[in-house]
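Okay, structure first, notes after.
The values are calculated or read from the model by the stated rules, or taken from the named source; none is laboratory data. Bear in mind that the values here come from a model prediction, so they are computed numbers and not experimental data. Using ideal geometry, Cβ is built from the backbone for each residue, glycine included, and neighbour counts are taken over all protein chains shown.
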Amino acid sequence: MDKKGVYITERDRMAVIKLDSGYNIGVPPVSCTLISRAAPVTPQQPQIVQDDKLPTLAIVSTGGTIASRIDYRTGSVTSQFNAADILTAIPELKEIANYRTIPLATILSENMTPPIWQELARAIFHEIKGGARGIIVTHGTDTMAYSAAAISFMVDSPVPIVFVGSQRSADRPSSDNAMNAVCAAAAATSDLGEVAVVMHGTTNDDACAIHRGTRVRKMHTSRRDAFRSLGTEPIGTVEYPSRKVTLTPDAVRRGTREPALHDALDPHCALVQFFPGMSANLLKAYDGYHGLVIAGTGLGHTSTTLIPVLKQLADNGTLIVMTSQCMHGRVCDRVYDTGRDLLDAGIIEGGDTLPEVALVKLMWVLANAPDRKTAVGMMQDCLKGECTRRSTHGL
């Protein structure tokens, strides 16, 4: 059957063709016939009128796209970074708020770094002080949970700070970018008063979940409902298409906190996952680091052969925090001999804090605590909802 499409490139001896449906296929180049060449297209900036009576939201882009469009001349998906582009791609947003945009970075999320987190925190704080009723941060999904946790610790906010991304690009019929963006805007104008991640709550287009920024993890590579709250339930939902926002009683409310910026981070920290047969030499490589998070087994263990090296690191000044590789539950190093030996070696229990959140928290604590004793106490305290005093059965 003959198919018409746009030639994109040749890869692995196959011609990549974008069909009218938006999907790409690979076919032998000899099976392709040139019909015509696309004429050059001059992009036109649409004229958008925003409603000043609606609340103002700030959109800070780090490279993830709240809106994107397909350029059928090149077959590529183009990110949009200004209000006119975004509102043209997703007109429904104009019914919720008016927008100002800050293109902070254009990176793949795996290239996120602590210095960019600091720039992001400063940009967000500047927009809050400038009167924004809420902040939307567009971000790639792979490391969005790390960034949401970092901003949770660095920015005390009286308004919602909502991270949003897209699992599937705008050129795909199953794209989630428009619905996620609309739900994020609804959450950013709601009574929420903390950092959250807003993404599809189910595989259907019926609601987005509002996840606390320090309790969320991406749990699937490609599903639209990839994000889950771990150790707790989501702190709210945004129904779609009604845009009705429902918050749980434990969600921090708008205006609860005074705005403050604490943007210092200590980058000399690392996260290590224990595995059977792990060599002590791997841990020795972290000699001189200021902080180290271990994702241990079960209740928070490593092999006994590693304990002398961990003790040496702790004695040399490295603050070591034990977390668990398990999705649910909390560490408790007082049950087995190995755990007690780890405590004697100077290891700090991380409770039910997620390993990646513990890493970000450790960076922040070491840069803000006046001394080691205070830092230890801060790592064991729940500062931004990252841990609980008691685990609920089944979570």
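Between Thr237, Thr323, Thr305, Thr338, the distinction of being touching a residue at least 24 places away in the same chain (Cβ under 8 Å), assigned by TED's automatic domain parsing to the domain that holds Gly193 and not in a loop (DSSP other than H, G, I, E, B) belongs to Thr237 only.
Table: residues versus (1) small (Gly, Ala, Ser); (2) surrounded by fewer than 19 Cβ atoms within 10 Å (Cβ to Cβ).
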position	(1), (2)
Met179	no, no
Met219	no, yes
Gly236	yes, no
Gly255	yes, yes
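Total residues in the range 217-251 satisfying the condition of being hydrophobic (A, V, I, L, M, F, W, C) and within 10 Å of Val198 (Cα to Cα): the figure is 2. When we screen Gly291, Gly346 for residues that are closer than 30 Å to Asp142 by Cβ and either at pLDDT 95 or above or in contact with a Lys or Arg (Cβ under 6 Å, 6 or more places away or on another chain) (or both), the only hit is Gly291.
Tally up the residues in the range 8-17 that are modelled with pLDDT of 85 or more and not small (Gly, Ala, Ser), please. Give the derivation first.
Filtering the range 8-17 down to residues modelled with pLDDT of 85 or more leaves 14-17.
If we keep only those that are not small (Gly, Ala, Ser) too, we end up with 14, 16-17.
Qualifying residue count, the range 8-17: 3.
All of (1) surrounded by fewer than 21 Cβ atoms within 10 Å (Cβ to Cβ); (2) in contact with a helix residue (DSSP H, G or I) (Cβ under 8 Å, 6 or more places away or on another chain); (3) outside any loop (DSSP other than H, G, I, E, B) hold for Val198 with one exception: (1).
Only residues that are assigned to a helix (DSSP H, G or I) and surrounded by 20 or more Cβ atoms within 10 Å (Cβ to Cβ) were counted in the range 341-361, giving 7. Of the residues in the range 111-123, at least one is in a loop (DSSP other than H, G, I, E, B), of a type outside the set (Ser, Thr, Tyr) and either assigned by TED's automatic domain parsing to the domain that holds Thr203 or over 21 Å from Ala270 (Cα atoms) (or both).
Would you mind stating whether Leu299 is in contact with a Leu (Cβ under 7 Å, 6 or more places away or on another chain) and either in a loop (DSSP other than H, G, I, E, B) or surrounded by fewer than 24 Cβ atoms within 10 Å (Cβ to Cβ) (or both)? Quick ask: steps written out before the conclusion?
Details: in contact with a Leu (Cβ under 7 Å, 6 or more places away or on another chain): no; either in a loop (DSSP other than H, G, I, E, B) or surrounded by fewer than 24 Cβ atoms within 10 Å (Cβ to Cβ) (or both): yes.
Judged against the criteria, Leu299 is not a match.
The single residue among Arg224, Arg228 that is in a strand (DSSP E or B), surrounded by 13 or more Cβ atoms within 10 Å (Cβ to Cβ), in the same structural domain as Arg133 (by TED's automatic domain parsing) and under 21 Å from the mean Cα position of the chain (by Cα) turns out to be Arg228.
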